[in-house]
Amino acid sequence: MTAETTAKKAPRQSSGQVTRTRAKKADTSAGQSSRSPGRASSSRSTKKSEGPSRLRIRVRAYEHGVLDGAVKQIIDVAARHSAEVVGPVPLPIDIRKYTVNRASFIDKDSREQFEMRIHKRMIDILNPAPKVIEALTNIDLPSGVSIDVKMM
């Protein structure tokens, strides 16, 4: 037998220490869970059964005038159904810049730059009623406006 095979077969002291500490940790965690098993599970179940407490709406458009009109429509619909509205909060503008050669073959030094600006707003509706959600789904917004709705 070579020295390598005997080293593989011999038990290591450090691995035995690790298993002892793992066993101690398992005992302490089992002791803690047995002290208050109902309290931990009840807090998790109540959090899921509450329902949506906030409706977060993100509105995006290339033109800020169209965007502001769409946001005003959304706020009017929510106010009509007596919902509590937070916003609109202006979010940072995404600017995408594209650089293009003016000539197709010669003059690498001559270029044009184009940019697209994406304006964004965020609206929160706190504790929305089902009527508010239904009214928001039936709202007619102008073209060029995209909406992302999340229930939080």
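Give the residues of the range 118-132 that are over 15 Å from Val85 (Cα atoms) and touching a Pro at 6+ places or on another chain (Cβ under 9 Å), sorted by residue number.
His119, Lys120
Taking the stated definitions as given, is Asp109 acidic (Asp, Glu), closer than 17 Å to Ile147 by Cβ and either without any contact (Cβ under 8 Å) to a residue 40 or more places away in the chain or surrounded by 11 or more Cβ atoms within 10 Å (Cβ to Cβ) (or both)?
When the stated conditions are applied, Asp109 does not pass them.
Looking at the range 133-152, which of its residues are farther than 16 Å from Val85 by Cα, among the aliphatic types (A, V, I, L, M) and assigned to a loop (DSSP other than H, G, I, E, B)?
Ile139, Leu141
State the number of residues belonging to the range 70-106 that are exposed (fewer than 14 other Cβ atoms within 10 Å of the Cβ) and in contact (Cβ under 8 Å) with a residue 40 or more places away in the chain.
Residues that pass the stated criteria total 3.
Of all the residues that make up the range 104-129, how many are of a type outside the set (Lys, Arg) and either closer than 23 Å to Lys72 by Cβ or in contact with a Gly (Cβ under 9 Å, 6 or more places away or on another chain) (or both)?
Taking the range 104-129 and keeping what is of a type outside the set (Lys, Arg), we get 104-107, 109-110, 112-116, 118-119, 122-129.
Within this subset, residues satisfying the condition of being either closer than 23 Å to Lys72 by Cβ or in contact with a Gly (Cβ under 9 Å, 6 or more places away or on another chain) (or both) are 118-119, 122-129.
Selection size over the range 104-129: 10.
Looking at the range 84-101 only, could you name the residues that are within 21 Å of Val132 (Cβ to Cβ) and either more than 23 Å from the chain's Cα centre (by Cα) or at pLDDT 90 or above (or both)?
Scanning the range 84-101 gives Glu84, Val85, Val86, Pro88, Val89.
The values are calculated or read from the model by the stated rules, or taken from the named source; none is laboratory data. Given the structure is predicted, the values throughout are model-derived calculations rather than measurements. Heads up, the Cβs are rebuilt from the backbone with ideal geometry, glycines too, and the neighbour counts pull from every protein chain shown.
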